């Protein structure tokens, strides 16, 4: 599995899921619309990503759609890594 994908999945599991939460979590799991990540949590996830990957994600780009799956998060980070 890709390092970034695994890092984000691990972060989401550790920060937003209870130990006894048995929901399947993969790169296509709906994080925002699935109720795992809320708007406050999205901000902390954005800050984690910016620090971890040395990117600056503009607030206007940090939409619920952009943070709804690990795959969409990876696409967002990669867009700003190249910028």
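The values are calculated or read from the model by the stated rules, or taken from the named source; none is laboratory data. Keep in mind it's a predicted model, so treat the numbers as computed, not measured. A quick note on method: Cβ atoms are made from the backbone with ideal geometry, for glycine too, and the neighbour counts reach across all protein chains shown.
Laid out as a table, the results:
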read-out: Residue identified as touching a residue at least 24 places away in the same chain (Cβ under 8 Å), within 14 Å of residue 76 (Cα to Cα) and surrounded by 11 or more Cβ atoms within 10 Å (Cβ to Cβ) among 8, 32; value: 8
read-out: Unmet criterion (only one of (1) part of a helix (DSSP H, G or I); (2) exposed (fewer than 13 other Cβ atoms within 10 Å of the Cβ); (3) in contact with a helix residue (DSSP H, G or I) (Cβ under 8 Å, 6 or more places away or on another chain)) for residue 14; value: (3)
read-out: The one condition in (1) at pLDDT 95 or above; (2) not in a loop (DSSP other than H, G, I, E, B) that residue 40 fails to fulfil; value: (1)
